[in-house]
1. Would you mention how many residues in region 152-163 are assigned to a loop (DSSP other than H, G, I, E, B) and in contact with a helix residue (DSSP H, G or I) (Cβ under 9 Å, 6 or more places away or on another chain)?
2. Across region 6-40, which residue is surrounded by the most Cβ atoms within 10 Å (Cβ to Cβ) among those that are outside any helix (DSSP H, G or I) and touching a residue at least 12 places away in the same chain (Cβ under 8 Å)?
3. Hey, does region 164-182 have a residue that's surrounded by fewer than 14 Cβ atoms within 10 Å (Cβ to Cβ), out of contact with any helix residue (DSSP H, G or I) (no Cβ under 8 Å at 6 or more places or on another chain), modelled with pLDDT under 85 and more than 20 Å from residue 35 (Cα to Cα)?
4. Residues in region 49-62: is at least one buried (at least 19 other Cβ atoms within 10 Å of the Cβ), in contact (Cβ under 8 Å) with a residue 40 or more places away in the chain, over 16 Å from residue 3 (Cα atoms) and outside the structural domain of residue 148 (by TED's automatic domain parsing)?
């Protein structure tokens, strides 16, 4: 089913919208949740909450593209779940996201706050400047939270080589943000 048709079903409050989302994107959404939470039960819970979140937010939102909207819901819920687990001293760690914290200034500091749209614009501009392999590695690591060994295997390179490339890319990102006036 086409995304526009799925969105129409959401606007009509037709529960077939959820079935269509589950069929078309459910496996990928679950994989993303599992990559972040490192737990199948937590990932299932996140996925269930994501379906509810989509149901509650469409309408009024009319996402374009739908898949990115759904991934953002899953990613936010999975990170929230992971933080909850870590705070409760249970399990979980935001390792890929912690790596990026070195680049992105914290909100509320002495420097200007970066709102989400501005950071998105800057990130997209930075990603556009990267070669395709580095861009794929960066997005898979820091958006999808894929393991380094999985990304390296997909890109036909050694894990150590990829780790070094990601480290250098984070340094370039920090420099890029600094040039744009958002340095740490």
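The values are calculated or read from the model by the stated rules, or taken from the named source; none is laboratory data. Quick caveat: nothing in here was measured; it's all calculated off a predicted structure. Cβ sites come from the backbone with ideal geometry, for glycine too, and all protein chains shown count toward neighbours.
1. Initial filter on region 152-163 (assigned to a loop (DSSP other than H, G, I, E, B)): 155-158.
Right, trim to in contact with a helix residue (DSSP H, G or I) (Cβ under 9 Å, 6 or more places away or on another chain) and you get 155, 157-158.
Looking only at that region, the number is 3.
2. Going residue by residue through region 6-40, those that are outside any helix (DSSP H, G or I) are 12-15, 38-39.
Now restrict to residues that are touching a residue at least 12 places away in the same chain (Cβ under 8 Å): 38-39.
On the way: 38: 17, 39: 19.
Filtering first and then ranking leaves 39.
3. There is at least one residue in region 164-182 that is surrounded by fewer than 14 Cβ atoms within 10 Å (Cβ to Cβ), out of contact with any helix residue (DSSP H, G or I) (no Cβ under 8 Å at 6 or more places or on another chain), modelled with pLDDT under 85 and more than 20 Å from residue 35 (Cα to Cα).
4. No, that holds for no residue.
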